[in-house]
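The values are calculated or read from the model by the stated rules, or taken from the named source; none is laboratory data. What you see is a predicted model, and the numbers here were worked out from it, not measured in a lab. Heads up, the Cβs are rebuilt from the backbone with ideal geometry, glycines too, and the neighbour counts pull from every protein chain shown. Surface accessibility is based on the protein's heavy atoms, side chains included, excluding ligands, DNA and RNA. Shrake-Rupley method; radii C 1.70, N 1.55, O 1.52, S 1.80 Å.
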Amino acid sequence: MEKVVHLLRTRPSVDRAGFAASVLGAVAEIEALGALNTTVHVVDESVAIGGPMPCGDGELPLRAAVSTWVPAHDLVDLGAVLAPLAERVDGYLVTESVWSEYGQRRGSARDWPAGERSPGITTVAVVRRNDAIAEPEFTDLWYGRQSPMSEEAQPRLRYVRNRVVRALTPGAPPLDGIVMESWPSQELVDDIMAFHNNDAENLTVMMDTVGRLFDMDSLRSVAMAEYLMH
């Protein structure tokens, strides 16, 4: 099995409720093609914040991420189903690390059914490696330092780290990672101090490591609702 993630971008004027309904409605169609264990992250009408590093003016906003597993990515064309839903759809083959699950390190274990909106809010980040560091150092720093450090420095409930293997759709911008992090509330994410456990040193350490790791000009972290369809 292989995991693929498709990122959907739409016009800022597109109705959020209608867009979310169309993306969630496509799950049955992509699963009929052989996809399994689909997760939808989407900026629906319940999302009231932009996120830690949202898309800027003049940039086609990132509005959804559809993650799923397929028997072989070259045999299942999910992009054909998703392309009509957005202005732009970029697909990526990834390797998944579920670094922490609901209830594993903090918070409560999942107790809501498949297809129901998850409590709280999720941030979806798209990242590229800082050109100042080589690939082996990047991996060591991200996996060995950033992931455990951020787990301690922030009140995160769930952390799924997707390392990009390659792009699957023509013209997709190069990425090194797509990260989904779940949080107790939108208010917490929107408060920079609460987002770092009300500790100024946590914020300093976080920004230092993030700046070393990632290309900050292209980094985006967008608040979305989460729907676990499995």
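Let's see how each residue does on (1) touching a residue at least 60 places away in the same chain (Cβ under 8 Å); (2) open to solvent by less than 30 Å² (accessible area, probe 1.4 Å):
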| position | (1), (2) |
| --- | --- |
| G25 | no, no |
| E29 | no, no |
| L33 | no, no |
| I49 | yes, yes |
| T68 | yes, yes |
| P84 | no, no |
| V89 | yes, yes |
| E96 | yes, no |
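Every residue in the range 115-127 that is of a type in the set (A, V, I, L, M) and either open to solvent by 60 Å² or more (accessible area, probe 1.4 Å) or under 20 Å from M149 (Cβ atoms) (or both), please. Give the steps one after another, and end with the answer.
Step one: of the range 115-127, the residues of a type in the set (A, V, I, L, M) are 121, 124-127.
A125, V127 - these are the residues of the range 115-127 that are of a type in the set (A, V, I, L, M) and either open to solvent by 60 Å² or more (accessible area, probe 1.4 Å) or under 20 Å from M149 (Cβ atoms) (or both).
So which residues in the range 5-20 are open to solvent by 10 Å² or more (accessible area, probe 1.4 Å) and among the β-branched types (V, I, T), if there are any at all?
Residue satisfying the conditions is V14 alone.
With respect to G177, determine if the residue is on the phi > 0 side of the Ramachandran plot and either without any contact (Cβ under 8 Å) to a residue 12 or more places away in the chain or not hydroxyl-bearing (S, T, Y) (or both).
Numbers: on the phi > 0 side of the Ramachandran plot: no; either without any contact (Cβ under 8 Å) to a residue 12 or more places away in the chain or not hydroxyl-bearing (S, T, Y) (or both): yes.
So G177 fails the test.
Would you tally the residues in the range 6-21 being more than 19 Å from the chain's Cα centre (by Cα) and either within 15 Å of T38 (Cβ to Cβ) or of a type in the set (A, V, I, L, M) (or both)?
2
Exactly one condition in (1) open to solvent by less than 70 Å² (accessible area, probe 1.4 Å); (2) at pLDDT 95 or above is not met by E59; state its number.
It fails just one condition, (2).
With the structure loaded, tell me whether A223 is without any contact (Cβ under 8 Å) to a residue 40 or more places away in the chain and either open to solvent by less than 20 Å² (accessible area, probe 1.4 Å) or more than 15 Å from N130 (Cα to Cα) (or both) or whether it fails that test. Break it down stepwise before answering.
Numbers: without any contact (Cβ under 8 Å) to a residue 40 or more places away in the chain: no; either open to solvent by less than 20 Å² (accessible area, probe 1.4 Å) or more than 15 Å from N130 (Cα to Cα) (or both): yes.
When the stated conditions are applied, A223 does not pass them.
Name the single residue, out of those in the range 35-47 being open to solvent by 60 Å² or more (accessible area, probe 1.4 Å) and over 17 Å from the mean Cα position of the chain (by Cα), that is nearest to A80 (Cα to Cα).
Step one: list which residues in the range 35-47 are open to solvent by 60 Å² or more (accessible area, probe 1.4 Å), which gives 36-37, 45.
Remaining after also requiring over 17 Å from the mean Cα position of the chain (by Cα): 36, 45.
Values: L36: 17, E45: 26 Å.
Filtering first and then ranking leaves L36.
State which residue pairs qualify: first residue small (G, A, S) and inside the range 107-119, second residue at pLDDT 95 or above in any location, beta carbons under 6 Å apart, and separation of 6 or more residues or different chains.
G107/L157; A109/Y102; A109/G103; A114/M229; G115/M229; S118/E226
Given the options R166, R212, name the one that is basic (K, R), part of a strand (DSSP E or B), modelled with pLDDT of 95 or more and open to solvent by 70 Å² or more (accessible area, probe 1.4 Å). Walk me through it before giving the result.
Working: R212 fails: part of a strand (DSSP E or B).
Answer to the selection: R166.
Please work out which one of (1) under 29 Å from S46 (Cα atoms); (2) in contact with a Lys or Arg (Cβ under 8 Å, 6 or more places away or on another chain); (3) surrounded by fewer than 20 Cβ atoms within 10 Å (Cβ to Cβ) is the condition P173 fails and give its number.
For P173, the exception is condition (2).
Select from the range 87-132 the residues that are of a type in the set (K, R) and modelled with pLDDT of 95 or more and list them in ascending order. Show your work before the answer.
Filtering the range 87-132 for residues of a type in the set (K, R) gives 88, 105-106, 110, 117, 128-129.
Within the range 87-132, R88, R110, R117, R128, R129 meet the criteria.
Quick one: which residue in F138, F195 is within 30 Å of F19 (Cα to Cα), touching a residue at least 40 places away in the same chain (Cβ under 8 Å) and assigned to a helix (DSSP H, G or I)? Write out each step before concluding.
Numbers: F138 fails: within 30 Å of F19 (Cα to Cα).
So the residue among F138, F195 that is within 30 Å of F19 (Cα to Cα), touching a residue at least 40 places away in the same chain (Cβ under 8 Å) and assigned to a helix (DSSP H, G or I) is F195.
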